[in-house]
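Laboratory data are not the source of any read-out in this text; all were calculated from the coordinates shown. Computed from a predicted model, the values in this text were never measured in an experiment. Don't worry about glycine lacking a Cβ; one is built from the backbone with ideal geometry, like all the others, and counts go over all protein chains shown.
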Amino acid sequence: MSLIDKIPQLDDAQLKNLLENAKRLGTSGSVKQQADAAELLPALEAAVAARKAVKLEAAAEKRSASKKPAAPRAPRATKAKAAAAVEA
C-alpha cells in the first residue's frame, strides 16, 4: 500500500505533519526525496483542502442551526404620525 493510499486513514495531525515534511523534503531533500515529495504533495494538499471544507461547512450548519430567528419588529412610525399621536 502506497503512502497516497494511506492518506484517507490519517487523522488531521498526521496529515498536517506529513504535508509539512513533504514540503520540507521537496525543497531540501535528496533528489529521490524531492521527487517523492513532488508526487505526494498534490494528494496531501487536496486532502487538507477537502477536510477544511468539510469542517467549514459543518461549522456553518451549526451556526445556522443555533441561530434564533429574529423577533418581528414593529413598523417604524414616521415623525408626522408620531406628532399626530401626541396631539390627539
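Take residue 62 and residue 14, extend 7 Å from each Cα along the Cα→Cβ direction, and tell me the distance between the two endpoints in nm.
Placing both labels 7 Å along Cα→Cβ, they lie 2.3 nm apart.
For labels at residue 50 and residue 31 in the simple 7 Å Cα→Cβ model, what's the distance in nm?
Computed distance between label sites residue 50 and residue 31 equals 3.3 nm.
Could you work out the equivalent-ellipsoid semi-axes for the chain, taking the square root of 5 times each eigenvalue of the Cα gyration tensor, largest first, in whole Å? Write down the numbers at each step before the final one.
Numbers: eigenvalues 717, 45, 13 Å².
For the chain, the ellipsoid semi-axes come out as 60, 15, 8 Å.
How would 44, 15, 56 line up from fewest to most surrounding beta-carbon atoms within 10 angstrom?
Working: 44 22, 15 17, 56 10.
Ascending number of Cβ neighbours within 10 Å: 56, 15, 44.
Under unit Cβ charges (Lys, Arg +1; Asp, Glu -1), what dipole magnitude, rounded to 20 debye, does the chain have relative to its Cα centre?
Values: 16 positive and 10 negative charges, 167 e Å.
For the chain, the charge dipole is close to 800 debye.
If you filter segment 5-77 for trypsin sites (Lys or Arg not before Pro), then keep DSSP loop positions with at most 12 other Cβ within 10 Å, what is left?
Numbers: sites: 6, 16, 23, 24, 32, 51, 52, 55, 62, 63, 67, 73, 76; in loops: 67, 73, 76.
The qualifying sites are 67, 73, 76.
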